[in-house]
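Shown next, in structure tokens, is the structure this report addresses.
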Amino acid sequence: MHTVVIGGGVIGLTTAYHLAREGESVTLIDARGTGLGASEVNAGWIVPAEAAPVPGPGVVLQSMKWMLRPDSPLYIRPSLRPSFVKFMLGMWSKSNARDQRAGYEAHLRLAQHTIETFDEYRADGIDFEMHNNGLLMAFTQKENLEHHRANLDLVRKFDLDPQVLVGDDVRSHEPLLSDNVYGGIYFPKERHVDPGALCRSLHRRLGDMGVEIVENSPIDLVDKSDSSVTAVHSGARTFKGDKYIVAAGAWTGPVSRLFGEPLPVRPGKGYSVEVAPYGLRGAINLSDAKVAITPFDERLRLAGTMEFGGLDEKINQVRVDAILRAPKTYFRGWEPPTGPVEAKAGIRPMTPDGMPIIGSLGRLANTYVSTGHGMLGVTLAPGTAAALTDLVLRGKQSTALAPFTAARFRGGPRPAPQPVA
């Protein structure tokens, strides 16, 4: 049997890997080079404990305030297009505690074995930089810390051991934090990786496993017969398989329309910039500023912002400068670099409810989808790939996938997350 995977980001690469190690013949097709964009420039966090969906309490009011600031963490490019209006109304309707909590638990369940799976990748020769120093959420505002306490019971159910640190306790944990920091929540089991190195090594390992990798080949035509896909095309090239998986990231919207099963996936642009190491003990979420700080062996990565606009990777220097200034409030002695720095942009695939779409693609009997992971691609990739491989190869529908069905956008009933055993 042969499976065609469309999309070579971290979701497509891990899915192809899990299929291939089960003995499946696989072709992976990407519109450009594999592992680029959001898969390369993200923070690299493996953080199930920080996997709450974007829509949540207060998001509507906060987003309206931020839209008045050119350097804010969130920008929404206004549009009257019906698809855009429907997407935003859907997102705002999910901006409540009940829906966010349900989505948070669904993400935690999907990522339940993520850490062990990354260890398996390393054991199988997939070589990438990985750190196990945990993650600290740092707060300058007491009310923000108290808000995040509300869902720590979920985190504890999944044995992730959150530790609330207030006042000098948080500075004992990370001495470079300034007195402006009220407190933090430390998650000791979280990790971070160099996401670019991860994707490059997955690419090499897939080649060793006999996976055909086709780059610079955007899909432009889909052949169907009855309720099945028979082939996909990129220019003059034709790719045939027994099964097909759409893992096209932020480009899933237009790609899914080619399959006749349009999905509400919109682009959410983020930036990252790298500077010299700063001596931090581990990854830090500057929670109030919405900036991710990731220390690698030889550099420090800062990542942040969410721009809802088009499918472009243009750099807005105002927002990059805001990312570089953010640590000044949190760290002792931080000064933004004075010389030129290279910023990169990546486009995340966002859904109205902030949750992935994983499983069968609409009415198509032999076609599946894996997209919409937003800012959680690295965190959710292993669990997504494992569960989808079971579905594609064995027809086994994991209960962990139930909340992520594409059918939820057709107005049908949406399965609730199952209680933790």
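The values are calculated or read from the model by the stated rules, or taken from the named source; none is laboratory data. Owing to the predicted nature of the structure, the values given are computational and were not obtained by experimental measurement. Ideal geometry is used to build each Cβ from the backbone, glycine not excepted, and the neighbour counts take in all protein chains shown.
Considering the range 95-114, and only residues there that are under 19 Å from Gly58 (Cα atoms) and either outside any helix (DSSP H, G or I) or of a type in the set (S, T, N, Q) (or both), the residue that is farthest from the chain's Cα centre (by Cα) turns out to be Asn96.
Listed here are the residues, each with its yes/no results for (1) touching a Ser or Thr at 6+ places or on another chain (Cβ under 8 Å); (2) more than 30 Å from Arg149 (Cβ to Cβ); (3) surrounded by fewer than 22 Cβ atoms within 10 Å (Cβ to Cβ).
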residue	(1), (2), (3)
Asp179	no, no, yes
Tyr182	yes, no, yes
Glu190	no, no, no
Cys199	yes, yes, no
Leu202	yes, yes, no
Asp208	no, yes, yes
Glu212	yes, yes, yes
Asn216	no, yes, yes
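With the requirement that a residue be outside any helix (DSSP H, G or I) and of a type in the set (Gly, Ala, Ser), what does the range 343-385 give you?
Narrowing the range 343-385 to residues outside any helix (DSSP H, G or I): 343-376.
Selection gives Ala343, Ala345, Gly346, Gly354, Gly359, Ser360, Gly362, Ala365, Ser370, Gly372, Gly374.
Sort out which residues of the range 40-69 are assigned to a helix (DSSP H, G or I) and modelled with pLDDT of 85 or more, and write them in order of number. Matches in the range 40-69: Glu40, Val41, Pro48, Ala49, Glu50.
Within the range 79-94, the residues that satisfy the criterion of being closer than 16 Å to Gly310 by Cα and outside any helix (DSSP H, G or I) are Ser79, Leu80, Arg81. Within the range 314-331, take every residue that is touching a residue at least 60 places away in the same chain (Cβ under 8 Å) and either among the hydrophobic types (A, V, I, L, M, F, W, C) or in contact with a helix residue (DSSP H, G or I) (Cβ under 9 Å, 6 or more places away or on another chain) (or both) and give me the one that is surrounded by the fewest Cβ atoms within 10 Å (Cβ to Cβ). Looking at the filtered set, the residue picked out is Val318.
Taken together, the criteria place Asn285 among residues that are at pLDDT 95 or above and surrounded by 15 or more Cβ atoms within 10 Å (Cβ to Cβ).
State which residue is farthest from the chain's Cα centre (by Cα) when the search covers only the range 241-299 and only residues that are more than 30 Å from Ser360 (Cα to Cα) and among the basic types (Lys, Arg). Talk me through it step by step, then tell me what you get.
Keep residues of the range 241-299 that are more than 30 Å from Ser360 (Cα to Cα), which gives 271-299.
Okay, now just the ones that are also among the basic types (Lys, Arg), so 281, 290, 299.
Working: Arg281: 24, Lys290: 15, Arg299: 22 Å.
Filtering the range 241-299 for residues that are more than 30 Å from Ser360 (Cα to Cα) and among the basic types (Lys, Arg), the one farthest from the chain's Cα centre (by Cα) comes out as Arg281.
Of the strands (runs of 3 or more DSSP E) lying entirely inside the range 138-241, those containing at least 3 residues that are touching a residue at least 60 places away in the same chain (Cβ under 8 Å) and out of contact with any Pro (no Cβ under 9 Å at 6 or more places or on another chain) are 212-214, 228-234.
Restrict the check to the range 19-33 and report whether at least one residue is acidic (Asp, Glu), within 15 Å of Ala385 (Cβ to Cβ) and at pLDDT 95 or above. Looking for residues that are acidic (Asp, Glu), within 15 Å of Ala385 (Cβ to Cβ) and at pLDDT 95 or above, one finds at least one in the range 19-33, hence yes. Within this structure, Gly8 fails the test of being farther than 21 Å from Pro195 by Cβ and not in a helix (DSSP H, G or I).
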